Amino acid sequence: MKRKLPPLGALRAFDAVARLQSFKLAAEEIGVSPTAISHQIRLLESLLGVSVFERTPRKVALTDDGKILQQASARAFNLLQAAVENIGERHRPAVLTLSATTALITHWLVPRLPALMQQFPALDLRLHADDRIVDLRSKQIDVAIRYGNKPDELLSPRLLQRDRFVLVVSPQLNVASISDLSQTTLIHIDGRQVPQPPPDWPRWRSEFGPTALAVDTGPRFTDEAHAIQAAIAGQGAVIASQLMVQHALESGLLMAPFGYSLPGAAHYFVSNPDGNHGHAVAQLADWFESEMTDPEKASA
């Protein structure tokens, strides 16, 4: 027959005295009087039928039976504390800093922020725009969207989407055929490091034409976000990440007149290995994966 467990209050008092080796300090930690602690210990020893402490005027020491009980109580209360912390984290407003490129934040994330905030009202999201790869630990950044090769496994990378590059143009320019590009201003994006080879106009001409396309003229930008804005303003055609122009295509600000595309790299969700709010980070990663792999979901 199993013996009944002593009351939780008696076990809690015992665990505190065993750790602190003091009735007085245990009483201060729990918030009761030393007399109340002594009462709980006497109750525990009465129920167990053994002494758990050797009491001397100078110190309190565990008996052999007390050592057995203390090993179990320490594990039990540590598990309880971890569970309480986990529950608290799940319901505590999470403050997360997310780093991504200027183009991704401007053209993909900002249009979807209302939907994100509606789904996670307790999330306090801070956005950090930087086209360089930042050190999450030194910058105290919780999560980031990385573009290119698979990041270090220490960052727990999750593949979100494999990108393609499409030619987009404002509907007001009336570009309907490949030959129309010869009379259209070409907008260039310089300085791309990924993907390689770059999805630029010379590559477009070699794969899709027209063969006489003058690929050395037209305005040049070092920032994809600015180049996309120029295309939206009707200043010419640009070859841009399909993900970055997705919202502009859905809203009719841009159109992709051709069914051609050039291969891009991949977007990964990464997290700071020293970060907190693991549950919120996992939920945010799920949201990014869902939205990037199902582009029609956000617009719906």
For segment 163-262: relative contact order, % (alpha-carbon pairs under 8 angstrom, 6 or more apart): 51 percent
Report the residue, chosen from 244, 255, 117, that carries the largest GNM mean-square fluctuation when the chain is represented by alpha-carbon nodes joined by springs under 10 Å. 117
Suppose we flag trypsin sites (Lys or Arg not before Pro) only when DSSP calls them loop and at most 10 other Cβ atoms lie within 10 Å. Which is the longest uninterrupted stretch of the chain? 133-300
Can you give the translational diffusion coefficient of segment 92-217 in µm²/s, computed by Stokes-Einstein from the Kirkwood radius over Cα pairs at 37 °C and 0.692 mPa s? 184 µm²/s
Each residue of segment 276-285 in turn: what ³J(HN,Hα) in whole Hz from Karplus with 6.51, -1.76, 1.60 and θ = phi - 60°, glycine and Pro shown as x? 9, 6, x, 5, 5, 4, 5, 5, 5, 4
DSSP bridge pairs, the chain: antiparallel proportion in percent, nearest 5: 60 percent
Cα gyration tensor of segment 164-211 diagonalised, 5x eigenvalues square-rooted, in angstrom largest first, produces semi-axes 21, 13, 9
Compare 246, 235, 196 in a GNM of the chain, Cα atoms joined below 10 Å, and give the one with the largest fluctuation. 196
Count, lysine Cα pairs under 21 Å in the chain, 8 or more residues apart or across chains: 6
Give the long-range amide H neighbours of residue 266: residues separated by 5 or more places, or on another chain, with amide H under 5 Å away, using H modelled in the peptide plane at 1.01 Å from N. 148, 163
Checked segment 163-262 against the a/c 1.5 cut and the a/b vs b/c comparison, axes a ≥ b ≥ c from its Cα gyration tensor; verdict rounded
Which residue, 149, 78, 174, tops the fluctuation ranking in a GNM of the chain built on C-alpha contacts under 10 Å? 78
What 222 nm value per residue comes from the helices of the chain, counting each DSSP H run with n ≥ 4 as -39,500 (n - 2.57) and dividing by all residues, nearest 500 deg cm²/dmol? -11500 deg cm²/dmol
How big is the dipole moment of the chain about its Cα centre under a simple scheme where the beta carbon of each Lys and Arg is +1, that of each Asp and Glu is -1, and everything else is neutral? Debye, nearest 20, please. 1460 debye
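Computed from the coordinates by the stated procedures, all read-outs in this text should not be read as laboratory data. Computed from a predicted model, the values in this text were never measured in an experiment. Positions of Cβ are backbone-derived with ideal geometry, glycine not excepted, and every protein chain shown enters the neighbour counts.
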